[in-house]
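Below is one structure, written out as structure tokens, with a few remarks after it.
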Amino acid sequence: MAIILGIESSCDESAAALIGSDRSILAHRLAGQEDAHRPYGGVVPEIAARAHVQILTPLIQAALDDAGLTLDDVDAVAATAGPGLIGGVMVGLVTAKALAMAAGKPLIAVNHLEGHALSPRLADASLEFPYLLLLVSGGHCQILRVDGVGQYRRLATTIDDAAGEAFDKTAKILGLGYPGGPKVEALAKTGDARAVPLPRPLLGSAEPHFSFAGLKSAVLRAAQSGSHRPEDIAASFQAAVVDCLIDRLEKALSGSADEGESPRTLVVAGGVAANGAIRSALEALANRHDMGFVAPPLWLCTDNAAMIGWAGAERFALGLTDPLDIAARPRWPL
Ligand code: KG4
Ligand code: ZN
């Protein structure tokens, strides 16, 4: 069994994990920075980068201690090399390079999106390629066909905001604070999803893409009108997001069969996959299409280092390691 040290620092979570190629999670540690960013209502890139400098190295040591391992026991060091907030990515990547160099181990530069895309295979050994992946996070909203490690075809992306961003902005408008997704979901539970008429951008469009900026503006207008209860706005907003996601997935499913073997499984990943209403709508969609449905456990959906370690393990098994002069990339499409 190969053991991979995974490091994640592309946004506001510092994380380190030790992952076995047999899917064992030997250790995983995560340190959020919510308190540092809360006064600003969102992630401040420089504050995040500075926090990673302080947190990351002791966190890696703590993960090694949890697993009862030293760097000598590790077969490769994998770190997020992008996309993300570049200051944080640089802290994690340069830390990984230094550890790899000092311990004489190979480096694996992982695309954060690949981490999300492959994370369901860490949780579910039976998940085989190809699968259709909805990747929904604070920074991304994409539909991908995953044909194998390193073989991703993007079928849809957002033309403006990501779904998680729309949740976070809605939370801000409703005065719920940051991070917003879970708070909007909790408030939505007590509201009426039909109370506030909100748009479903691009619904029924021939292009498979997403758009959430217009929905966010409509939420702002509804809140400013003063004629709706916040819980009804939250519930109506969440229902609009669900409708958009399902409609665009239906569109992608009707096209993806033309591309060779049809995906047999619908998979969701990324922070927004923690949302219960979205999960149940996706499961129903998979049932309608006679597809399997895989949603990783919640902790694996939001940013973490286990998914980076696992993507590292998948790449390591194929001999895909990287040179020490590899660059950090703020933008890096899959
Ligand atoms: O994957 P992730 O941890 O970080 C990124 O790579 O972006 O995703 C974070 C996003 C945030 O926008 C957060 O509000 C959203 O996921 N999120 C949720 C829920 N939990 C987290 N959105 C809706 N419902 C939730 N329960
Ligand atoms: Zn992420």
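The values are calculated or read from the model by the stated rules, or taken from the named source; none is laboratory data. Quick caveat: nothing in here was measured; it's all calculated off a predicted structure. FYI the Cβ positions are ideal-geometry reconstructions off the backbone, even for glycines, and counts take in every protein chain you see.
Checking Ser205, Ser225, Ser211 one by one, the residue that is of a type in the set (Ser, Thr, Tyr), at pLDDT 95 or above and more than 24 Å from the chain's Cα centre (by Cα) is Ser225 and no other. Evaluating Gly42 against the criteria (1) of a type outside the set (Val, Ile, Thr); (2) touching a Gly at 6+ places or on another chain (Cβ under 6 Å); (3) modelled with pLDDT under 95 leaves one unmet condition, (2).
Conditions tested, residue by residue: (1) within 27 Å of Glu46 (Cβ to Cβ); (2) more than 14 Å from ligand 1 (Cβ to nearest atom); (3) among the aliphatic types (A, V, I, L, M); (4) not assigned by TED's automatic domain parsing to the domain that holds Gly276.
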position: Gly88; (1), (2), (3), (4): yes, no, no, yes
position: Val110; (1), (2), (3), (4): yes, no, yes, yes
position: Leu122; (1), (2), (3), (4): no, yes, yes, yes
position: Val136; (1), (2), (3), (4): yes, no, yes, no
position: Gly139; (1), (2), (3), (4): yes, no, no, no
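Of the listed requirements (1) out of contact with any Leu (no Cβ under 9 Å at 6 or more places or on another chain); (2) of a type in the set (D, E, K, R); (3) in contact (Cβ under 8 Å) with a residue 60 or more places away in the chain; (4) over 22 Å from Pro297 (Cα atoms), Asp168 misses just one: (4).
Would you be able to say whether some residue in region 300-313 is among the small types (Gly, Ala, Ser) and not assigned by TED's automatic domain parsing to the domain that holds Leu99? No, the conditions are met nowhere in region 300-313.
Of all residues in region 301-334, those being modelled with pLDDT of 95 or more and outside any loop (DSSP other than H, G, I, E, B) number 13.
Of all the criteria given as (1) crowded, with 22+ Cβ neighbours inside 10 Å; (2) more than 18 Å from the chain's Cα centre (by Cα); (3) away from ligand 1 (no atom under 15 Å from the Cβ), the one not satisfied by Val219 is (3).
Only one of the numbered conditions (1) closer than 24 Å to Leu253 by Cα; (2) of a type outside the set (S, T, N, Q); (3) at pLDDT 95 or above is not met by Val89, and that is (1). With respect to the conditions (1) within 16 Å of ligand 1 (Cβ to nearest atom); (2) within 19 Å of Pro120 (Cβ to Cβ); (3) modelled with pLDDT of 95 or more, Gln238 falls short on a single one, namely (2). For region 83-95, what are the residues that are under 17 Å from the mean Cα position of the chain (by Cα) and buried (at least 24 other Cβ atoms within 10 Å of the Cβ)? Result: Gly84, Gly88, Val89. The single condition from (1) farther than 30 Å from Ile60 by Cα; (2) more than 16 Å from ligand 2 (Cβ to nearest atom); (3) at pLDDT 95 or above that Ile278 fails is (2).
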